[in-house]
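Bear in mind these aren't lab numbers, they're just calculated from the coordinates by the rules spelled out. Just so it is clear, the structure is predicted and the values come from calculations on it, not from any experiment. Cβ placement follows ideal geometry from the backbone for every residue including glycine, while neighbour counts extend to all protein chains displayed.
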C-alpha cells in the first residue's frame, strides 16, 4: 500500500517555531493564513511558491500585532523542525509492514529534503515529493 503523508504539522512539529514567531497563537495564525492563501491560490488555478506564501503570511500576521518578523529565523526554523515524538516509530512500522511511505509537501523540494533530513525522517521515507515539481499546490489533484 502507498502511504502519502504531509510534512508540516503532520510529520514535523511547528510548535518549535513558537518563540521565533511570537508564541503559539501567532504561529497558528501565521500557518492558518498561509494555508488559507494556498487554498485560494489553488482554487483559482494559480501557483505560488510556498516559501513566498509563508513569508508573506508572517509579514501580515506580524504587522497585525505590531511586530517585525525575522524571516531568516523563520526559514531556518522551518528547516530544523523536530518530528512529532510518535512519527519515527510510526514510519518504521509502516515500512516494516511493507508499505511504501512517501512525503508530499507544498514546501520547495530543497526545503522539504532539508527538513526531513534534519528531523531524522528522510531514511524512513521512500521518496519526498513537492508541489513545486508540478507547479500546483495541494490540494490540487496534480501533486
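General observations
- FRET efficiency for the pair residue 133 and residue 39, taken as 1/(1 + (r/R0)^6) with r the Cβ-Cβ distance and R0 = 22 Å, rounds to 0.65.
- Helical contribution to [θ] at 222 nm, DSSP H n ≥ 4, -39,500 (n - 2.57), averaged over the chain, rounded to 500: -14500 deg cm²/dmol
- Approximating the spin labels as points 7 Å out from Cα along Cα→Cβ, the residue 92-to-residue 73 distance works out to 3.4 nm.
- With the alpha-carbon atoms of the range 89-139 aligned to their principal axes, the span from lowest to highest coordinate is 33, 22, 13 Å, starting with the largest.
- Rounded to two decimals, the Cα radius of gyration of the chain over 2.2 N^0.38 Å is 1.05.
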